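Structure, as structure tokens:
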Amino acid sequence: MNKLKGIGASNGISIAKAYILIDDVPNIKKKNISDSSAEVKKYYAAIKEATKQINNLKQKALKKLGAEKAAVFDAHLGILTDPEMERQVVEKINQEKVNASYALSDVSDVFKQMFLSMDDPYMQERAADISDVTNRVLKIIEGVKIKDLTLINEEVIIIAHDLTPSETSQLNAKFVKGFITEIGGRTSHSAIMARSLEIPAIVGCGKNVFKIKEDSKLLMDGNLGEIAVNPDNKLIKEFEERSKKIEEAKKIQQTFKNKKSISKDGWETKIAANIGSPNDIDGVLKSGADGIGLFRTEFLYMDSDDWPTEEEQFKSYKKVLESTKDKVVIRTLDIGGDKKLNYFNFPYEMNPFLGYRAIRFQLKNKKVLNAQFRALLRASAFGKLAINVPMVATIEEMKSIRKEFDRIEKELNKEGTKVGKYELGIMVEIPSTVELADKFAKYADFFSVGTNDLIQYTFAVDRMSESVSYLYQPFNPATLRKLKRTIDASHAEGKWTAICGEVAGEPMLTPVLVGMGLDEFSMSSSSVLEIRKLISEINKNEAEKLVEKVLDAETETEVKKLISKWMKEKGIEI
Ligand code: PEP
Ligand code: MG
């Protein structure tokens, strides 16, 4: 038995066999060969196999996404059989007496460079298609298995360098019992999605994960971030007992499904759910959440092959609004950082999390802004809509955003399209916004604190980096003071504050947030009932005293101790 440790990113424990996902480009080395005709044969055989694979993908896409979206595979087939590329590869193998992989990789680099140097962004993007196709052929030549996550049909735990948000969204929780990654932090988007899919996850485990052999038996604990490879019987027994306990706790939590979110001494708050697509609504309804506190619309953009149209967006927003009588907070496009689009190349930046993203991007791309803002305002007639704008840093931005919505509202009125009542708020996730929260509260209808980013910017610590994850401190008084100031500033103007970052679903922080009078907690559907039950065990007036103490602490460790002691005294268990 062998043990590994990482960062617990999505709760739950499971046992299943390892499924190693290596999607790296094979490391191609130049080899001098004597039998060039054998290498040429290898090359043609790989092209034949790649053609078969791409045709398969094309058929699947045709069924699932339609002809227009499947057309990309025709382009890939075209690259695969491009006569000029083929001629150059074969010539290189024969004349330079080098291996097929090296010849292909070298020729394809030249072609990629040619496309990258063109002025037309569309042509530049074709370089990515060449990479895609070449990697497929190289993997075939080098014998690297190509895996398709959607085809998994037995219980596995995935081991990967990292999973992209779109890969995570393809996982079928029936078979994927967990995933373990080499890199990443608790608030990387794959981790957030794992929580909403209720798939246990451990991230940031380092290179050792690749010492795990395919098909070996794994026991993972997503709470503690612990992995046992080929666990012994004693551990398996412990696992079974803990699974039973978790099931029992879940049963008790179920009794809170149709109850209000109310503290022991009668203070009422809201517990809403975070979603990434209209497909997540079922989970929200099952969880008994008080509405939707964050709809991350960027996944609509990431799951698409082109900018989603106004009409497509309108349908999605309307569907979500009609699914509940409660309020729905829809966030405008928060693209950039770790969320990329395959149909748009963001300019290269040293620090994409600090760069051209979210509302900064939309205010400069009016076409993208118009389509989304119009879709939102049209959808406002179908439910209780609150619009939330990410990454707002200055009052000027706030004013521009309000102006854009006013402009679009007038435009729709003129066209005779009904616009309902809606609230316009902002994500508080940049320290400058907290600093001026009293001023922002005059313009915004509400605040929603994005603690995932706020912590990252407060401590200057990359939320994706496992090497500095010790500095990512939700419990640090510096974080907690920011939360208190934001809540107080909104209340002073008669406005409300939600937290939609991962802090909202952290049980150890629940008493502190109750004590601060947080108006809405928004979290993964899977945490809603656990937190509602916990709040029912807390007296708000006692929690207020705990807040005074934690805000006066010096370190995160001190805060954790204060909370644990308080919970023990009150007989509250988590
Ligand atoms: C946040 O930053 O806390 C947040 C909710 O947004 P995201 O995780 O999508 O950046
Ligand atoms: Mg954010």
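Give me the Kirkwood hydrodynamic radius of region 124-196, using the inverse of the mean 1/r over all pairs of distinct Cα atoms, in Å to one decimal. Intermediate values should be presented prior to the final figure.
Working: mean 1/r = 0.0716 Å⁻¹.
Here the Kirkwood hydrodynamic radius works out to 14.0 Å.
Kindly sort Arg378, Arg407 by accessible area of their heavy atoms, largest first, with the probe set to 1.4 Å. Each step should come with its number before you reach the end.
Details: Arg378 40, Arg407 90 Å².
Reading off the accessible areas and sorting them downward yields Arg407, Arg378.
Kirkwood Rh and Cα-based Rg: tell me the resulting Rg over Rh for region 387-543, rounded to two decimals.
That ratio is 1.02, to two decimals.
Please compute one quarter of the surface area of the Cα convex hull for region 312-440 and express it in square nanometres. Numbers along the way, then the final one.
Details: hull surface 34.9 nm².
Mean projected area for region 312-440: 8.7 nm², to one decimal.
Report the extension gain between Met508 and Asp305 in nm, rounded to one decimal, defined as 0.36 nm multiplied by the number of residues separating them, less their alpha carbon distance. Show your work: numbers first, answer last.
Values: separation 203, 0.36 × 203 = 73.08 nm, distance 4.07 nm.
Full extension of this stretch gives 69.0 nm more.
For all pairs of alpha-carbon atoms in region 252-375, what percent lies in each bin of width 10 Å, listed from the first bin to the last filled one?
12, 37, 27, 16, 7, 0
Enter the Cα centre distance for the pair region 205-251 and region 282-297, rounded to the nearest angstrom.
If we compute the Cα centre of each part, the gap is 29 Å.
If you stretched the chain out fully between Asn365 and Asn172, how much longer would it get, using 0.36 nm times the residue separation minus the C-alpha to C-alpha distance? Display every interim value, and only then the final one.
Values: separation 193, 0.36 × 193 = 69.48 nm, distance 3.54 nm.
65.9 nm is the gain from fully extending Asn365 to Asn172.
Taking Cα pairs under 8 Å and at least six residues apart, what relative contact order does region 182-291 come out at, in percent?
Numbers: 80 pairs, mean separation 17.4, N = 110.
Relative CO of region 182-291 lands at 16 percent.
Cβ neighbours within 10 Å, averaged per peptide: list 303-312, 130-139 in order, most packed at the top. Before the final figure, lay out each step's value.
On the way: 303-312: 15.5, 130-139: 20.3.
Output ranking for 303-312, 130-139: 130-139, 303-312.
Let me know the whole percent of all Cα-Cα pairs from region 251-314 that are separated by more than 14 Å.
Working: 1325 of 2016 pairs.
When all Cα pairs of region 251-314 are counted, 66 percent exceed 14 Å.
For region 486-574, evaluate the Debye formula with one uniform point scatterer on each Cα (no solvent term) and list log10 I(q)/I(0) at q = 0.13, 0.24 Å⁻¹, rounded to two decimals.
So the normalised log intensities are -0.42, -1.32.
Could you provide, to the nearest whole Å², the per residue accessible area of region 291-413 with probe 1.4 Å? Intermediate values should be presented prior to the final figure.
Numbers: 5090 Å² over 123 residues.
The answer is 41 Å² per residue.
What is the mean projected area of the alpha carbon convex hull for region 344-393, to one decimal in square nanometres? Could the numbers behind the result be given before it?
Values: hull surface 17.3 nm².
Mean projected area for region 344-393: 4.3 nm², to one decimal.
For the chain, take the longest principal axis of its alpha carbons; what is the angle in degrees between that and the long axis of helix 395-415, to the nearest 10 within 0 to 90?
80 degrees
For the pair Lys568/Lys319, report the inter-label distance in nm, with labels modelled 7 Å from Cα in the Cβ direction.
Here the modelled spin labels are 5.0 nm apart.
How would you order 454-467, 554-567 from highest to lowest mean count of nearby Cβ atoms within 10 Å?
Numbers: 454-467: 19.4, 554-567: 16.3.
Result, highest mean first: 454-467, 554-567.
Work out, in µm²/s and without decimals, the Stokes-Einstein translational diffusion coefficient of the chain at 4 °C, 1.567 mPa s, Rh from Kirkwood over C-alpha pairs. All intermediate terms of the calculation are to be shown ahead of the outcome.
Working: Rh = 25.8 Å.
Rounded to a whole number, D works out at 50 µm²/s.
Quantify, in whole percent, the carbon and sulfur part of the accessible surface of region 416-563 (1.4 Å probe; protein heavy atoms only). The partial results should precede the final answer.
Working: 2620 of 5300 Å².
About 49 percent, which is the carbon plus sulfur part of the accessible surface.
Identify, among Leu104, Val468, Ser448, the residue whose Cα sits farthest towards the positive end of the charge dipole of the chain, taking +1 on the Cβ of Lys and Arg and -1 on the Cβ of Asp and Glu, with the dipole about the Cα centre.
Ser448
Please list the equivalent ellipsoid semi-axes of region 117-252, computed as the square roots of five times the alpha-carbon gyration tensor eigenvalues, in descending order and whole angstrom. Provide the component values of the computation, followed by the final result.
Details: eigenvalues 238, 65, 36 Å².
So the equivalent ellipsoid measures 34, 18, 13 Å along its semi-axes.
Starting at 0 and stepping by 5 Å, how many percent of the alpha carbon pairs of region 182-230 end up in each bin?
5, 19, 28, 27, 16, 5
Report, to the nearest 10°, how far helix 100-116 tilts away from the longest principal axis of the Cα atoms in the chain, using its own Cα long axis and a range of 0 to 90°.
60 degrees
Please grab the % of Cα pairs in region 444-515 that end up more than 15 Å from each other. Let's see the in-between values first.
Values: 1389 of 2556 pairs.
Summing the P(r) tail past 15 Å for region 444-515 gives 54 percent.
Within region 162-309, what whole-number % of the accessible surface is contributed by carbon and sulfur, with the 1.4 Å probe and all protein chains included in the calculation? Intermediate values should be presented prior to the final figure.
Details: 3540 of 6920 Å².
Answer for region 162-309 is 51 percent, counting heavy atoms of protein chains only.
Under a crude label model (7 Å from the Cα following the beta-carbon direction), how far is Asn2 from Leu224 in nanometres?
The answer from the label model is 2.0 nm.
The values are calculated or read from the model by the stated rules, or taken from the named source; none is laboratory data. In this text the structure is predicted, and so the values were computed from the model without any measurement. So basically every Cβ, Gly included, is an ideal-geometry build from the backbone, and we count neighbours across all protein chains shown. These accessible areas exclude ligands, DNA and RNA; they are computed on the full protein's heavy atoms, side chains included. Shrake-Rupley method; radii C 1.70, N 1.55, O 1.52, S 1.80 Å.
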